[in-house]
Every structure is written in structure tokens, then in C-alpha cells.
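Colleague: Just passing along the structure, written as C-alpha cells.
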Amino acid sequence: MNPSPGTTGLILNEPLLWERGRPGRRGASLPAADVPPSPLETELCGEGPDFPDLSEVDLVRHFTRLSTWNYGVDTGFYPLGSCTMKYNPKTHERQAALKGFAAAHPLLPAPLCQGALRLIWELENDLAAITGMDAVSLQPAAGAHGELAGMLVLHAHHAHQGRQRSKIVIPDTAHGTNPASAALCGYRPVAVASGPEGVLEPAAVEALMDEETAGIMVTNPNTLGLFETHIREIAAIVHAKGGLVYADGANLNAVMGIVDMAAIGVDVIHLNLHKTFSTPHGGGGPGSGPICVRRHLEPFLPVPRVVQDGDRFHLETDRPLSIGRMGSFHGHFGVMVKAYSYIRSMGAEGLRRASELAVLNANYVKENLKKDFHLAYDRPCMHECVFSDERQAPFKVTTLDMAKRLMDYGFHPPTIYFPLVVHGAIMIEPTETESKEDLDLFVAAMQAIAEEARTDPEKVRNAPHRTKVRRLDEVTAARKPCLIG
Amino acid sequence: MKEINELNLPEDLRYAEDHEWLRPSEGAARIGISDYAQDQLGDIVYVELPAVGRRLNKGEEFGTVESVKAVSSLYMPVGGEVAAVNGQLAEAPELVNTDPYGQGWMIEVKVTDPAEIEVLMDRPAYSKALGG
């Protein structure tokens, strides 16, 4: 077995730029003025901004050093559950940097940006094909914004039916953004508990579903990494009372091209291009949270819509039932180019294969770790698996301690303490990116930590030992936050 | 974290399954969270409490408590009207950790139906429910 990637090494300190600068130092030589000097009106004069005076090498070293403190998916394994930290192939960056895309001004009239409009139109069609839905809007800026857009569509649908509703059913495994998005639309979230198998039970939904309820928001696969096996029956219950089914597509990576969302009863689903469709996120770039709807909800989608007319494309704004704009211009276009690049590189078969391997990898990790860690629901999982610290509790070692210790072994910690229904949750999503060799290294590190918890719990409790900074004072940071630089 | 036998569970309180405690009294009943709850949550950094005068049913959420680990809901062990809230927790949420039954109290409630107090657990029952 290879040693784990974690090791010690020289880590360079780096002051703030303001501490580095010296008055008068410059990074560039300004050319001589080629116009005659002219007096400036006094009201336009004042103190300049407080920028540090730096040379070029000061600046380059500063940011190069900071970059060495970082850990990203380009550095190593990043199993942050429900975040789908898959590798982002560099060809996406190349496509997004093409001048015709990168330099296109958002106010260009349609005849002058046909390529960009065509890309939007084709990406919408691709996402519709992947999910089985009928129409797509790429406008929402990220996942929670997509949720809001989806819920506004749901709200507009009920308004158009002539009677608004007041509640929405949300499972206890939902992402916290779900109830927040529903509440922003004026709906009161009503929690439904998942059953003993970790999935929703139709009877529990039936008990809550009435004609005051706008619908259900369900994440499938859910945040326990389990497929909601009763989803069709649940969708029928919701539809029978005139409600709609909103799907949170955060976990689509498990089912790309495999689950037909329309066929399982979904009316609206949002996707995260920055998760499933391999565009950088987590400090690496903006997100994109498209919504996909069934045909009957298409009139409510945000405007403008890109419409095909023969072999030309134009923007249409005259949609009286539309919820309106969700942002300026067309959304995060650069992210769309990267997602389009991913879909075209992979092809239908490749996307399906990626989902299969993501599920296989998660099950491989689950099976290899279930001897050492308590598995919240011992059944086949989808793209992620959820353990807890129950077996480490007798040694007074917590999930947080183990997550910190994992950093010493050179891995990014998984998501911890979520979902809330699992006490001390450790949520691992390896994604399809990882090879068996890398998964084996991670499994070995987790097993070593489980052994340390039994034999040397103090070491785990005091971790990390090899990082530049040790435990941060999260308590003081939360109780007495310092909100200015 | 504490072992069950290390927990401070006063005899004069009633306990709910969601780990709230209630101190029965003539006027308004005081409510907070148990030593077990504060210990499990870890360092508490924020407590959100309801407005005075609000009426809530048994089992309804009356606020949230946030630790560095998670945000948890607080549930009414009995129904009633909120008569007072512990304003000190806004500045000093750590009181819930250091003195959960004293200065770390959360709300006072005018109990609608005293029978709801009777069905709450006493100390032996709560201790047993915790596995002690």
C-alpha cells in the first residue's frame, strides 16, 4: 500500500498586502503623459483609496503563497458529501475562454451573438433530454436561486389556477435551503419524517397532503444517498390533491440519463451545473442552477427565452405568465459554456457511465468502512454514504475530531453533521473521479483513524497536527464575529 | 462529552423527549434545555427565542439553538402563551452551556393545560430514556 498523501513540509507565512507594501514601490512604469496638464476642480480631489504600494514580485509571491495553502479537487480527494466535488477537465476552461464567448457583450443584439444563443438553446435541450423534462431555463445563478425560481413557478401555477395555497411539504432530510426557498414564496414549510428505511413513506405524505398544500419538495436521491423508492406513489398522492412535485436536483450525479424525472412524477427540478456538470465551485467560480419543467409549467419560466426560428435564434420576452427575470442578462454564461463542454465531451453514454461509477465508488467506500464506522442505513446507496461516530463515542472521539484528523492524512474532510437526521453524520461522496487506488488510500486513512480512536484517542482529539494552523477557535468566531478586515 | 451518570438532571423538573426541561410553578413555567442537550450540542453560539405574548401549541417550535456543530429546533414541551424570554442569552448564549437550569433558562410560559405537564417525564424516566 502506498503511504497516504499527507506529510509535513515547509509552509511559508505571508503577511497581508498592506503589511508588505512600501510607499512609492510600483509594479508598472507609467508612460509619460501625452496631453498637456489641466487643473482639476477641487471638489473632485481628495484622499486616494488606501491601496498598498507593491512591486510585481511582491504581488506574484503573495498570491502564489496563498495558493499553496489551498486544497482543491486538483490537489486531491475531496469527498464533501452532497457537493459533488468531481474533477473539472481543463478543456472546459479552454472553451469558455474562446473569444467569441468570453468577449461577447451581453447587450449584443441577437443577430450578432447567434453562437452564444445557440449554445444556451442546445444546453437547455441537453438538460431536458438528460432529465426527461420538457423545458429549461438557465437563468438562475446557483442552486438555491434555482430553488427559488422553481418555487416561484409553482407559486405562479397555483395563482393561475385561481387559488393560492399556503403550505409545502418538505422531508426532514432536505437541504436547509428548501424550506428557505419555499418560505420566500410565502409557503409555510411542513416537515415530513422519513421512514425507518431512510426514505419517505407514502402514508406519511398522504397524512399531510391536502388542498392547502402547494406540493412537495423532494431531493432524489436524498441526502442520505438513498433513492426515494416510493416517489411515484408519493407524486400521485400530491397530484391527486392538485399539488406539484418539486425535485431538488442537487444529487443528480447518481442518476444522469438513468432516471426519467418526468416519468417519476416530477413537475419542476433544479440542477446544479457546478456540481453534476463539472464546472468549478467551492471558491472556484460562480454556480448555475437551471430549472427544468414539464410542458404545463413552461409558460411560467423566466424571460427572456431563447427561441429557435429556422436556423436562427432570437430572444423572446412576451410571455405574460412568466415569473419574470431571475437576474440580469442570461445567467452565468461562462458556467454554461463549461457545462456544455462537459456534456459534449461525455456524450449520453459517458454521462450515464459517470453516474454508474459515482454510485459504484460510493458503495465501495461504504462496504469497506462499515466494519469500522456505524452505517446509518445499511443498504445499497447511490452516490454518497452516511456514517456516524456512534462506534467512536465510547472513546470520546467525535465526527469533528475524525474530520480534522483526516486532514493530517492529506484528504479533504467529508461533509459532517449533515443530514441532521443522523446524529454525528459523516457524509462521503467520492464521485466518479476517483480511481480504485485513490479510494483505497482514503479507506486506509479512515481505518487508521478508527484504530487511533480506539488506541490513542487523544491524538485524534488534538488533530490536525500537520496543518499550518491547528484547531481554529470556532466558538469565539461565532459568538464574537469580527466582521471587518 | 459526559457519560449519562455524569449528567446533572434535577429532581424538581419535568423533561420532554426533545430534551427540553420545564419547571412547574404557580404562575408561568420556566423552560430550557437539559444538561444532556447542551452537552450534545457543544458550545452554543446563538439562541433565537419567540416574542413575548406568542401562543404556541405543545410540540410547536419556539426557537432555535445554534452551536458550532448544528442548528437545532426548540420545541414546546407544553402548550401556552410566552410570558417572558431570557434576554441575557442574546449577549451570552454560553449560559445555556454553563448553567442550563439557572441563568441559561429560555422562556416562561403560561401553561394552557396543566395536564400536559403531567405527561412529561420525571428525572428517573428521563434518565432511563437517555439510556442511564
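Read the figures in this text as sums done on the coordinates, not as results from a lab. Note that this is a predicted model, so its numbers are computed, not measured. Positions of Cβ are generated from backbone atoms using ideal geometry, with glycine treated the same way; all protein chains shown enter the neighbour counts.
Colleague: Using alpha-carbon pairs under 8 Å, 6+ residues apart, how would you state the relative contact order of chain A in percent?
Modeller: 19 percent
Colleague: Starting from the coordinates of the alpha-carbon atoms of the protein assembly as shown, obtain the Kirkwood hydrodynamic radius over all distinct pairs and give the value in Å to one decimal.
Modeller: After inverting the mean inverse Cα-Cα distance, the result is 27.4 Å.
Colleague: If you restrict to DSSP beta bridges whose two residues both lie in the protein assembly as shown, what percentage is antiparallel, to the nearest 5?
Modeller: Counting only bridges with both partners in the protein assembly as shown, antiparallel ones make up about 75 percent.
Colleague: Report the extension gain between A:Arg353 and A:Asp210 in nm, rounded to one decimal, defined as 0.36 nm multiplied by the number of residues separating them, less their alpha carbon distance.
Modeller: Full-extension gain reported as 47.5 nm.
Colleague: Tell me the Kirkwood hydrodynamic radius of the stretch A:399-485 in angstroms, computed as one over the mean inverse distance between distinct C-alpha pairs.
Modeller: Computed over Cα pairs of the stretch A:399-485, the Kirkwood hydrodynamic radius comes out at 14.6 Å.
Colleague: For A:Leu273, A:Leu297, A:Leu224, A:Leu12, which order do you get if you count the other beta carbons within 10 Å of each Cβ and list the fewest first?
Modeller: A:Leu12, A:Leu297, A:Leu224, A:Leu273
Colleague: Next up: Using the Kirkwood radius over C-alpha pairs as Rh, can you work out the diffusion coefficient of the stretch A:236-333 via Stokes-Einstein at 25 °C, viscosity 0.890 mPa s, in µm² per second?
Modeller: Taking Rh from Cα pairs, D becomes 159 µm²/s.
Colleague: When the helices in the protein assembly as shown are scored as -39500 (n - 2.57) per DSSP H run of 4 or longer and the sum is shared across all residues, what 222 nm value do you end up with, to the nearest 500 deg cm²/dmol?
Modeller: Only helices count here, giving -9500 deg cm²/dmol.
Colleague: Further, regarding this structure: I want to check the label-to-label distance for A:Gln161 and A:His239. Put each point 7 Å from Cα in the C-beta direction and report it in nm to one decimal.
Modeller: So the two model labels end up 1.3 nm from each other.
Colleague: So, one more: For a paramagnetic label modelled at 7 Å from the Cα of A:Ala28 toward its Cβ, which residues of the stretch A:51-66 fall within the zone defined by backbone nitrogen distances under 12 Å?
Modeller: Zone members listed by number: A:56.
Colleague: Report Rg(Cα)/(2.2 N^0.38 Å) for the stretch A:91-345, keeping two decimals.
Modeller: Here the Cα radius of gyration is 1.00 times the empirical estimate.
Colleague: If the label point is 7 Å along Cα→Cβ of A:Arg65, which residues in the stretch A:443-474 have backbone nitrogen under 16 Å from it?
Modeller: A:468-469
Colleague: Considering only C-alpha atoms, what is the centroid distance from the stretch B:74-118 to the stretch A:7-34, in Å?
Modeller: Their Cα centres are 54 Å away from one another.
Colleague: With a point put 7 Å past each Cα toward its Cβ, work out how far B:Ile4 is from A:Glu43 in nm, to one decimal.
Modeller: Inter-label distance under the simple model: 7.7 nm.
Colleague: Could you state the number of Å between the C-alpha centres of the stretch B:1-33 and the stretch A:145-176?
Modeller: What the calculation gives is 38 Å, centre to centre.
Colleague: So what does log10 I(q)/I(0) come out to for the stretch A:85-214 at q = 0.17 Å⁻¹, using the Debye formula with one equal point on every Cα and no solvent?
Modeller: The computed values of log10 I(q)/I(0) come out as -1.06.
Colleague: Take the alpha carbon atoms of the stretch A:299-340, find their center, do the same for the stretch A:407-485, and report the distance between the two centers in whole angstrom.
Modeller: 41 Å
Colleague: Inverting the mean 1/r over all pairs of different Cα atoms, compute the Kirkwood radius of the stretch B:28-114 and quote it in Å.
Modeller: For the stretch B:28-114, inverting the mean 1/r across all distinct Cα pairs yields 12.7 Å.
Colleague: Rounded to two decimals, what is the ratio between the C-alpha radius of gyration of the stretch A:349-468 and 2.2 N^0.38 Å?
Modeller: Rg over 2.2 N^0.38 Å, computed on Cα atoms: 1.05.
Colleague: Loop only by DSSP, 14 or fewer other Cβ within 10 Å of the Cβ. Give me the GluC sites (Glu not before Pro) in the stretch A:150-211 that pass, ordered by residue number.
Modeller: Filter output for the stretch A:150-211: A:Glu197, A:Glu211.
Colleague: So between A:Glu56 and A:Leu321, what do we pick up on full extension, going 0.36 nm a residue minus the alpha carbon distance?
Modeller: Value of the extension gain: 90.0 nm.
Colleague: Under a point spin-label approximation (7 Å from Cα along Cα-to-Cβ), what is the A:Arg470-A:Asp74 distance to one decimal in nm?
Modeller: 3.3 nm
Colleague: Now for a separate question. In whole percent, what relative contact order does the stretch A:91-345 give with Cα contacts below 8 Å and a gap of six or more residues?
Modeller: 28 percent
Colleague: Enumerate the lysines that A:Lys241 could reach by cross-link, defined here as Cα to Cα under 30 Å, with residues fewer than 8 away along the same chain left out.
Modeller: Within the straight-line limit of under 30 Å, A:Lys241 reaches these lysines: A:Lys167, B:Lys58.
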